[in-house]
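Report on one structure; see the data block that follows.
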Amino acid sequence: MIEPRWQKTWEAQGTFASPRLPQGEKLYALDMFPYPSGDGLHVGHPEGYTATDIVARYARMCGKSVLHPMGFDAFGLPAEEHAIRTNTPPRVQTEKNIENFRRQLKMLGFSYDWDREISTTDVAYFRWTQWIFLQMYDSWFDHDQQRGRPIAELPIPDEVQQEGDDAVRRYQDDHRLAYQSDAPVNWCPALGTVLANEEVVDGKSERGGHPVVRKPLRQWMLRITAYAQRLESDLEGLDWPESIKALQRNWIGRSTGAEVDFYIGAGETYDPWCQARRSTGFPRQPDEDCLRVYTTRPDTLFGATYMVIAPEHPAVESLTTAAQAAAVNAYCEQAAQKSDLDRTDLAKEKTGVFTGSSAINPVNGESIPIWIADYVLISYGTGAIMAVPAHDQRDFEFAQQFEIPILAVVDPGGDTPEATRADILAATAVFTAEGTAVHSGVYDGLSTAEFKSRITDDLAAQGLGRAAVNYKLRDWLFSRQRFWGEPFPVLHELDAEGQPTGRVRTVPEDQLPVDLPELADFKPHGRPEPPLDKAADEWLYPVLDGVRYKRETNTMPQWAGSCWYYLRFLDPHNASCLVDPQVEAAWMPVDLYIGGAEHAVLHLLYARFWHKLLYDRGVVSTPEPFRKLVNQGMILGEDGEKMSKSRGNVINPDKIVTEYGADTLRLYEMFMGPLTKSPKAWSTQGVNGVRGFLDRVWRMIVEEDAEQPVVCGAVQDVAPTEPQNRVLHKTIRAVTHDLETLSFNTAIARMMEFTNFFLKEDVRPKSAMQQLVLLLSPLAPHLCEELWQVLGHSGTLAYHPWPKYDESLIAEDTVEIPVQIQGRLRGKIAVPSDADRDAMETAARTDPKIAQLLADQTVVKVVVVPGRLVNFVMKGS
RNA sequence: GCCGAAGUGGCGGAAUUGGCAGACGCGCCAGGUUCAGGACCUGGUGGGGGUUAACCCCGUGGAGGUUCGAGUCCUCUCUUCGGCACCA
């Protein structure tokens, strides 16, 4: 077997070790590192990995310094579940799985620099994951400068300062990029454990089908929303698929509109309030006697016939009248029980309850009722809306349900596909698009766009509103109730009774890492608190500077380790910092990042967020980590269905390598179609075809049936003939171009054509054979190294200069040109390749067949494209 | 509902970006080789018509349009896949 032999050679000689710093042009080619599952490598993995490997090998032959690393994203739920099931430490199984993955990756001949291998579960690695968390904790976001800054630089307002140190501390805590908050968890009493979202199906545990309830728990959040603006606008400069950018933009969900305050005080105090607002302007925080809403359609203010606040809105209590109290309490309690899913998917009918109070519409002074309904989310905008039923689908449904008046204030100007103009103006149909204002006082007749900007300005002048931007993006719930994840480097201070004081202290940097404790067993302890609460006291209760603490027992989510692994590859063994700044500046950004589209949003957004914080804190030198991103397509089974054990259509890479070889697997996956095409169905016949091609390449160069591989007789040390040179140089040109554009399928097709041609040649110039071996080597490295040796070379070809093509050897003396009449193909002529228009037209007219067709016809126009075609246009066309 | 991607032979897919549609591979057909099977080699292979020759017509999901010329550009439309989905 030649493949394992070459793999050993590469490893023994350190062929693919990257230099600490690049010399000359650099290429950082990165794969999305895998989660080492117990099932081993899936054929989807080698697809992207082969693509980056080809690019990396090609770049080396072009003289670039290449960084091409691999590692493992090894924290995760399956290992934890396995540990619970077998009561063995998760690290044991994880390391077995990594070993298997490493074996499989090496078997495929990827040119990784294995000295840089990392796993997110390495203590020496997650030490720096914890360190980055400390940077988050130590940062606040300066909205004026749009960047994260050290918490020490946070300006403290005087009134806070006067309240004392505790107030200052709380104020800082409220501004940190990592902060604590109560967030609901999926608590399953029957299993006695907290479940991840993916372990909950229809409100029941995936395993066992036990009921799951939502229970608030103190957890860590990351303030990713602070970076929403930059995460969106910086997408523009990235060489990413537009579809992925669209997905991220959609996820960030920027919208523009206005915030407006509705007065909720007593009617007779409305005028003085308005007066006061005119002088004070729009306050940063709304005062108690108003309800602040966010709307993208301030132009529909005149059509607001009621308001809605979320059940969790702080004003619920004060707005509820005695008569409504019972109904409101019941409704809010019910809403609290529902999960987000229940509130969306299952709620076909709008629900809500009247508070008994009303507010005053600032544009016309009219009083409108305030309702509570769970179709308004506390987590978006201000948690309160003005409802314009005539021009919002949800409000329309709600108003119909509860018989609230509907007033049309936007004239569509004509019938729409859904409704007539008359229905819309009569408010019996909803219209949500833009139009012309009606029933809007002095604003009547304005277009939606004009109206929006005009009324926003007017409200701002009166101190009643202001332009505002909102994002769908939410802060990132960053803690998990798991034992197989990075511990937080955080300590909770305890008082003399052993109760938490509420003060938090971070583990000093020089005491990192905080390693995971050894657990006696892995069974759930039956409480919603994290499983690490079972750890031994010496881990759980450290004493620092004479103060006793309890460690944070939440762990970080799996995303944490993958947020920055691309940085550690640059300097994986550095014990004194995350990455040497000189090394970072030399290698970053990642030039090519290939992985599955399933990470389009979360991983790529989280990683960009972390990178931006590290950029703001001076750890990295680029604002974005991944310059070019490519998503490989999904590979389906032979039946065209997604591969799964239950369907029995899983293709095992080990089996393919055993039967056909690694080069065949690599080449086949690249030949299946465009890299990014998705999905692609596996075809064993296709694998066979590719194997046949590699066999023909071998036979083209090597003597068959010889004891030892020797160059076959047809391969001779002679200069190529003119046609041979043409094929050779065309192939070099096409393959070079195709590798640059990641069009591996066509590159392979071009080399097949080369092979088909030269197999028929009785004499095959050795120089041409060598060039082909070089061209094919990034794709099928084992075979090509072997052929290179057979052709008489001693070392590896991995750094041999890439073949160059000579345009003058490609050019033909004469070319065949299609002749068209009325745009239809009617004949072909052979002309000198440099023939001018006149010569081409003459040649076409002289062709017997064309001449006959042109006889008795009036040619009104002749289109001649030199080197391409001749087209005669007749009268009457 | 909104956003995005894609529809080309029996199949996977090419087409230097407006210039000979179907490269290359699979499959299939015929022939060669072989005890046989497989492997390998040679030739053919979009559909229809034709005196089976020359040649003609049709053809890139569908309908229009722009152009001397459209798989490629524009408008409308259908289908499939992926994502988001009470975000005011």
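Applying the selection to the stretch A:193-217, what residues are surrounded by fewer than 16 Cβ atoms within 10 Å (Cβ to Cβ) and in contact with an Asp or Glu (Cβ under 6 Å, 6 or more places away or on another chain)?
Correct list: A:GLU206, A:PRO216.
On the basis of being surrounded by fewer than 15 Cβ atoms within 10 Å (Cβ to Cβ), within 9 Å of RNA strand B (Cβ to nearest atom) and assigned by TED's automatic domain parsing to the domain that holds A:LYS760, does A:SER683 make the cut?
Details: surrounded by fewer than 15 Cβ atoms within 10 Å (Cβ to Cβ): yes; within 9 Å of RNA strand B (Cβ to nearest atom): yes; assigned by TED's automatic domain parsing to the domain that holds A:LYS760: yes.
Yes.
Would you check if A:LEU779 is in contact with a Phe, Trp or Tyr (Cβ under 9 Å, 6 or more places away or on another chain), closer than 30 Å to A:SER18 by Cβ and not β-branched (Val, Ile, Thr)?
Numbers: in contact with a Phe, Trp or Tyr (Cβ under 9 Å, 6 or more places away or on another chain): yes; closer than 30 Å to A:SER18 by Cβ: yes; not β-branched (Val, Ile, Thr): yes.
Judged against the criteria, A:LEU779 is a match.
Please tell me if A:LEU291 is crowded, with 20+ Cβ neighbours inside 10 Å, in contact (Cβ under 8 Å) with a residue 24 or more places away in the chain and within 38 Å of the chain's Cα centre (by Cα).
Values: crowded, with 20+ Cβ neighbours inside 10 Å: yes; in contact (Cβ under 8 Å) with a residue 24 or more places away in the chain: yes; within 38 Å of the chain's Cα centre (by Cα): yes.
For A:LEU291, the condition - crowded, with 20+ Cβ neighbours inside 10 Å, in contact (Cβ under 8 Å) with a residue 24 or more places away in the chain and within 38 Å of the chain's Cα centre (by Cα) - is met.
Any residue at all in the stretch A:836-852 that's loosely packed, with under 12 Cβ neighbours inside 10 Å and assigned to a strand (DSSP E or B)?
Among the residues of the stretch A:836-852, not one is loosely packed, with under 12 Cβ neighbours inside 10 Å and assigned to a strand (DSSP E or B), which makes the answer no.
Quick check: is even one residue across the stretch A:761-777 part of a loop (DSSP other than H, G, I, E, B) and at pLDDT 95 or above?
Taking the stretch A:761-777 and keeping what is part of a loop (DSSP other than H, G, I, E, B), we get A:761-763, A:777.
Okay, now just the ones that are also at pLDDT 95 or above, so A:777.
Yes: one or more hits.
Does A:ASP663 qualify as being more than 14 Å from RNA strand B (Cβ to nearest atom) and acidic (Asp, Glu)? Steps first, answer last, please.
On the way: more than 14 Å from RNA strand B (Cβ to nearest atom): yes; acidic (Asp, Glu): yes.
So A:ASP663 passes the test.
Please go through the stretch A:523-567 and give me each residue that is among the acidic types (Asp, Glu) and surrounded by 22 or more Cβ atoms within 10 Å (Cβ to Cβ), ordered by number. Talk me through it step by step, then tell me what you get.
Going through the stretch A:523-567, the residues among the acidic types (Asp, Glu) turn out to be A:529, A:533, A:537-538, A:545, A:552.
The one that is among the acidic types (Asp, Glu) and surrounded by 22 or more Cβ atoms within 10 Å (Cβ to Cβ): A:GLU552.
Might you check whether a residue that is in a loop (DSSP other than H, G, I, E, B), among the β-branched types (Val, Ile, Thr) and either more than 37 Å from the chain's Cα centre (by Cα) or away from RNA strand B (no atom under 12 Å from the Cβ) (or both) occurs anywhere in the stretch A:252-264?
Going through the stretch A:252-264, the residues in a loop (DSSP other than H, G, I, E, B) turn out to be A:253-254, A:264.
Pick out the ones that are also among the β-branched types (Val, Ile, Thr) and you get A:264.
Remaining after also requiring either more than 37 Å from the chain's Cα centre (by Cα) or away from RNA strand B (no atom under 12 Å from the Cβ) (or both): A:264.
Scanning the stretch A:252-264 turns up at least one residue that is in a loop (DSSP other than H, G, I, E, B), among the β-branched types (Val, Ile, Thr) and either more than 37 Å from the chain's Cα centre (by Cα) or away from RNA strand B (no atom under 12 Å from the Cβ) (or both).
Since A:GLU785 meets every condition but one in (1) of a type in the set (D, E, K, R); (2) assigned to a strand (DSSP E or B); (3) within 30 Å of A:VAL687 (Cα to Cα), which condition does it not meet?
(2)
Do we have A:ARG454 as basic (Lys, Arg), out of contact with any Cys (no Cβ under 8 Å at 6 or more places or on another chain) and over 30 Å from A:PRO272 (Cβ atoms) here? It would help to see each step written out before you state the result.
On the way: basic (Lys, Arg): yes; out of contact with any Cys (no Cβ under 8 Å at 6 or more places or on another chain): yes; over 30 Å from A:PRO272 (Cβ atoms): no.
The answer is no for A:ARG454.
Give the residue, chosen from A:VAL763, A:VAL715, that is crowded, with 20+ Cβ neighbours inside 10 Å and over 49 Å from the mean Cα position of the chain (by Cα). Before you say what the answer is, go through the steps one by one.
Working: A:VAL763 fails: crowded, with 20+ Cβ neighbours inside 10 Å.
The unique qualifying residue is A:VAL715.
With out of contact with any Lys or Arg (no Cβ under 6 Å at 6 or more places or on another chain) and not assigned by TED's automatic domain parsing to the domain that holds A:THR129 as the only criterion, which of A:TYR606, A:TYR566 stands out? Spell out the reasoning first.
Details: A:TYR606 fails: not assigned by TED's automatic domain parsing to the domain that holds A:THR129.
Just one listed residue meets the conditions, A:TYR566.
Do we have A:SER65 as of a type in the set (Gly, Ala, Ser), farther than 27 Å from A:TYR660 by Cα and not assigned by TED's automatic domain parsing to the domain that holds A:PRO679 here?
Working: of a type in the set (Gly, Ala, Ser): yes; farther than 27 Å from A:TYR660 by Cα: yes; not assigned by TED's automatic domain parsing to the domain that holds A:PRO679: yes.
It is true that A:SER65 is of a type in the set (Gly, Ala, Ser), farther than 27 Å from A:TYR660 by Cα and not assigned by TED's automatic domain parsing to the domain that holds A:PRO679.
Identify, by number, the condition in (1) polar (S, T, N, Q); (2) surrounded by fewer than 15 Cβ atoms within 10 Å (Cβ to Cβ); (3) touching an Asp or Glu at 6+ places or on another chain (Cβ under 8 Å) that A:ASN649 doesn't meet.
In the conditions (1) polar (S, T, N, Q); (2) surrounded by fewer than 15 Cβ atoms within 10 Å (Cβ to Cβ); (3) touching an Asp or Glu at 6+ places or on another chain (Cβ under 8 Å), A:ASN649 misses (2) alone.
Within the stretch A:736-745, is even one residue touching an Asp or Glu at 6+ places or on another chain (Cβ under 9 Å) and over 19 Å from A:LEU592 (Cβ atoms)? Reasoning before the result, please.
Filtering the stretch A:736-745 for residues touching an Asp or Glu at 6+ places or on another chain (Cβ under 9 Å) gives A:744-745.
Subsequent filtering for residues that are over 19 Å from A:LEU592 (Cβ atoms) retains none.
No, there is no match, as no residue in the stretch A:736-745 is touching an Asp or Glu at 6+ places or on another chain (Cβ under 9 Å) and over 19 Å from A:LEU592 (Cβ atoms).
Any residue in the stretch A:9-17 that is within 23 Å of the chain's Cα centre (by Cα), more than 17 Å from A:ALA586 (Cα to Cα) and of a type in the set (Phe, Trp, Tyr)? So that I can check it myself, show each step before the final result.
So in the stretch A:9-17, the residues within 23 Å of the chain's Cα centre (by Cα) come out as none.
No; the residues of the stretch A:9-17 include none that is within 23 Å of the chain's Cα centre (by Cα), more than 17 Å from A:ALA586 (Cα to Cα) and of a type in the set (Phe, Trp, Tyr).
When you scan the stretch A:567-580, do you find a residue that is farther than 30 Å from A:ASP115 by Cα, touching a residue at least 12 places away in the same chain (Cβ under 8 Å) and β-branched (Val, Ile, Thr), even just one? Talk me through it step by step, then tell me what you get.
Residues of the stretch A:567-580 that are farther than 30 Å from A:ASP115 by Cα, as a first pass: none.
Taking every residue of the stretch A:567-580 in turn, none turns out to be farther than 30 Å from A:ASP115 by Cα, touching a residue at least 12 places away in the same chain (Cβ under 8 Å) and β-branched (Val, Ile, Thr).
Is at least one residue of the stretch A:691-701 without any contact (Cβ under 8 Å) to a residue 60 or more places away in the chain and more than 9 Å from RNA strand B (Cβ to nearest atom)?
Let us first name the residues in the stretch A:691-701 that are without any contact (Cβ under 8 Å) to a residue 60 or more places away in the chain, namely A:691-692, A:695.
After this cut, where a residue has to be more than 9 Å from RNA strand B (Cβ to nearest atom) as well, the list is none.
The answer is no, given that none of the residues of the stretch A:691-701 is without any contact (Cβ under 8 Å) to a residue 60 or more places away in the chain and more than 9 Å from RNA strand B (Cβ to nearest atom).
Only one residue in A:GLU807, A:GLU740 is acidic (Asp, Glu) and more than 30 Å from A:GLY633 (Cα to Cα), so which one is that?
Values: A:GLU740 fails: more than 30 Å from A:GLY633 (Cα to Cα).
Answer to the check: A:GLU807.
Can you go through A:PRO818, A:PRO803 and tell me which one is in contact (Cβ under 8 Å) with a residue 24 or more places away in the chain and more than 16 Å from RNA strand B (Cβ to nearest atom)? I'd like the intermediate steps shown before the answer.
On the way: A:PRO818 fails: more than 16 Å from RNA strand B (Cβ to nearest atom).
None of the others qualify; the one that does is A:PRO803.
Collect the residues in the stretch A:732-789 that are among the β-branched types (Val, Ile, Thr), closer than 18 Å to A:ALA714 by Cβ and more than 12 Å from RNA strand B (Cβ to nearest atom), keeping them in residue-number order.
Initial filter on the stretch A:732-789 (among the β-branched types (Val, Ile, Thr)): A:732, A:735-736, A:741, A:746, A:748, A:755, A:763, A:773.
Filter again for closer than 18 Å to A:ALA714 by Cβ, leaving A:755, A:763, A:773.
Within the stretch A:732-789, A:VAL763, A:VAL773 meet the criteria.
The values are calculated or read from the model by the stated rules, or taken from the named source; none is laboratory data. No experiment lies behind these values; they were computed from the predicted model shown. Note: ideal-geometry Cβ built from the backbone for every residue, glycine included; neighbour counts use all protein chains shown.
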